[in-house]
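Accompanying notes for the structure given below.
The values are calculated or read from the model by the stated rules, or taken from the named source; none is laboratory data. All figures in this text were calculated on a predicted structure; none of them were measured in a lab. Methodologically, a virtual Cβ is constructed for each residue, glycine included, from the backbone with ideal geometry; neighbour enumeration extends over all protein chains shown.
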Amino acid sequence: MLPPEEDGFDSLEPEIDPLLSNVAAATAEIDWDLRPEDIMAKAQSKRSKTAMRRRVGAVLVVAAIIAIFVVPLPQLHLFRHSAATHPSTTSNGASTTTSACGPFPPRAASTLAISTTGRILWKTALPTHGNGQNANNTVPFLVSGGVGYFAQDDAVHALRLSDGRVLWSWTGDGPVDGTWTWHGVLVVLSDQVSSHAQLTALGAANGVVRWQLQVPGRGLLGTQAATADGGLAWLRADGTLQVVDLDTGKVRWSLRAADQAMPVAIDGLVVSAQNGDADAYNDQTGHRSWTISGLPPTAVLQQMGGLVFVTDAVSGGDNPTVLTAIDPLTGRVVWRFDPGAPVSVFAAGPPGLAVGTAVPREFFLLAPQTGHVLWHEATFVASTPAVLAHDVVSIEGGVAGYPVVRLVDRDAENGRLRWERSLPATPAATLPVTPDGTMVLVQTLVAYDLSSGRFEWRDTVPEFVQIPVVVTKDGIIVQAATPASACASAQRVQP
């Protein structure tokens, strides 16, 4: 643990536009070995799920996930690795340029528990499996009954949280893309964007396989939605909406309809959308409960705070900018809010619903019952804020017009600024709450006092943290891993 500092970090003005240009260029050059539609599906499947944490005390913890760096992208092995180019000749005599890179540095992964005073209680190394297709460390871990279930690459590890002891491990045939617990089993989704996607149920106590379900066709699109009664709703790549029973691994029901939005599960229903309509189905039988028309043809669905929210996946031009709130029990539109710009729904909490727009850069807190604006500020919110009983804590800035990245605490009643602290880069994180009421964590486990913003302590985690932390009675649980490396393998044919 490093000694406290007066202010924590110095302010910094990241150069966002050049960085995004580098991201676009590097992404275009990476050989993913996937079809374009598979690349899009894989990107959708990694979209972070909005998480809400209610206030237990006066403190919250921000997971250590740095989303934007201030060094040029080619220097980051997370996205690409420096490569030597070698000229060659095709069968028709044309000259080509190929890339060869590596060897890559070894990867490492670990799980650790940290006390609320910053002391590392235990640390357990997790095995990694190279830089191939199975490399993945972005699935949030689960905690149940004093045990943590950690997905790393193509494996899942069960650790006892009191001391970090490994209870069992299981390795699948592809990268782990999702995990769920239900009635004494851990359900694992492997390699969802492929022709061999598979759902496997493991005994939570011993890791023994209970059942397996092969997903037909080209796998799944986007994210999945767990129902409250042990179902898992998903959208297959062929447009089939299904619910799988997690007790048996059997498909409860299927509905074929193309171009659907990713489903959400709420109040015994699975809600999906297509062609401007939203439909709610009984999660046990698949019988339709209600239909709403007049929504965007490319609708995006979210559920939080007991409501279903609808926005448009496409922005610009004449596309709708309205946020629609639907009562899932009746299918009635409760309210609509139109800021005149594409809106993102961030988080819900006791005082209201936090939403924002990118252009213009505005941050709103809405009354959840009516959609009325309680307050708004001209600022850019960079990641999911924490909406607590008396505070709204957010990461703001890092863009043109608001270059300084800041940790900001606002009064939940009126939006008044209580305190702010500058940060060196933009973390993208959820904000879970700790029970002892002393600190806020941002970046690589940096603690601040929530009441004043005073710097408390900082810990150094050697690996990269991109999964939200979880606060338990056994400590603040952190999973960290070295990102997988990739080669830029652009092919250029010269006649």
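For segment 331-371, the strands (runs of 3 or more DSSP E) that sit wholly inside it and include 1 or more residues that are in contact with a Phe, Trp or Tyr (Cβ under 8 Å, 6 or more places away or on another chain) and more than 27 Å from residue 277 (Cβ to Cβ) are 352-357, 362-366. Of the candidates 220, 232, 295, 246, the single residue that is in contact with a Pro (Cβ under 9 Å, 6 or more places away or on another chain) and surrounded by 18 or more Cβ atoms within 10 Å (Cβ to Cβ) is 295.
Taking segment 317-330 as the range and being in a loop (DSSP other than H, G, I, E, B), at pLDDT 90 or above and under 28 Å from the mean Cα position of the chain (by Cα) as the test, the residues that pass are 321, 322, 327, 328, 329. Does segment 199-218 include one or more residues that are touching a residue at least 40 places away in the same chain (Cβ under 8 Å), more than 30 Å from residue 331 (Cα to Cα), in contact with a helix residue (DSSP H, G or I) (Cβ under 8 Å, 6 or more places away or on another chain) and not hydrophobic (A, V, I, L, M, F, W, C)? Within segment 199-218, one or more residues are touching a residue at least 40 places away in the same chain (Cβ under 8 Å), more than 30 Å from residue 331 (Cα to Cα), in contact with a helix residue (DSSP H, G or I) (Cβ under 8 Å, 6 or more places away or on another chain) and not hydrophobic (A, V, I, L, M, F, W, C).
Taken over segment 245-262, the criterion of being touching a Gly at 6+ places or on another chain (Cβ under 9 Å) and not aliphatic (A, V, I, L, M) is satisfied by 245, 247, 252, 253, 254, 256, 259, 260.
Consider residue 352 carefully, then state whether it is on the phi > 0 side of the Ramachandran plot, surrounded by 15 or more Cβ atoms within 10 Å (Cβ to Cβ) and not aromatic (Phe, Trp, Tyr). The answer is yes for residue 352. Looking across 338, 318, 327, one residue alone is under 24 Å from residue 402 (Cα atoms), among the charged types (D, E, K, R) and either out of contact with any Leu (no Cβ under 6 Å at 6 or more places or on another chain) or touching a residue at least 24 places away in the same chain (Cβ under 8 Å) (or both). It is 338. If you go through segment 192-236 and keep only what is outside any strand (DSSP E or B), of a type in the set (A, V, I, L, M, F, W, C) and under 20 Å from residue 280 (Cα atoms), you end up with just 228.
A count restricted to segment 372-422 and to residues that are under 19 Å from residue 337 (Cβ atoms), part of a strand (DSSP E or B) and of a type in the set (Val, Ile, Thr) stands at 4. Evaluation of residue 145 against the conditions (1) out of contact with any strand residue (DSSP E or B) (no Cβ under 7 Å at 6 or more places or on another chain); (2) under 28 Å from residue 196 (Cα atoms) shows that the sole unmet condition is (2). Selection over segment 105-128 of residues that are farther than 18 Å from residue 474 by Cα and assigned to a loop (DSSP other than H, G, I, E, B) gives a count of 6. Scanning segment 140-197 for residues that are crowded, with 23+ Cβ neighbours inside 10 Å, hydrophobic (A, V, I, L, M, F, W, C) and touching a Gly at 6+ places or on another chain (Cβ under 9 Å) turns up 151, 156, 158, 159, 186, 187, 188, 189, 193, 197.
Residue 267 satisfies every condition listed in (1) farther than 25 Å from residue 157 by Cα; (2) crowded, with 22+ Cβ neighbours inside 10 Å except (2). Looking across 213, 241, 246, 221, one residue alone is within 17 Å of residue 180 (Cβ to Cβ) and under 24 Å from the mean Cα position of the chain (by Cα). It is 246.
Can you find even one residue in segment 458-472 that is at pLDDT below 90 and of a type in the set (Phe, Trp, Tyr)? Within segment 458-472 (the criterion being at pLDDT below 90 and of a type in the set (Phe, Trp, Tyr)), the answer is yes, since at least one residue qualifies. Would you check if there is a residue in segment 380-396 being exposed (fewer than 14 other Cβ atoms within 10 Å of the Cβ), of a type outside the set (S, T, N, Q) and more than 26 Å from residue 303 (Cβ to Cβ)? Scanning segment 380-396 turns up no residue that is exposed (fewer than 14 other Cβ atoms within 10 Å of the Cβ), of a type outside the set (S, T, N, Q) and more than 26 Å from residue 303 (Cβ to Cβ).
Restricted to segment 264-316, the set of strands (runs of 3 or more DSSP E) holding at least 3 residues that are of a type in the set (A, V, I, L, M, F, W, C) and touching a strand residue (DSSP E or B) at 6+ places or on another chain (Cβ under 7 Å) comprises 264-266, 269-274, 299-304, 307-312. For the criterion of being at pLDDT below 95, under 26 Å from the mean Cα position of the chain (by Cα) and either within 21 Å of residue 464 (Cβ to Cβ) or among the charged types (D, E, K, R) (or both), residue 140 passes.
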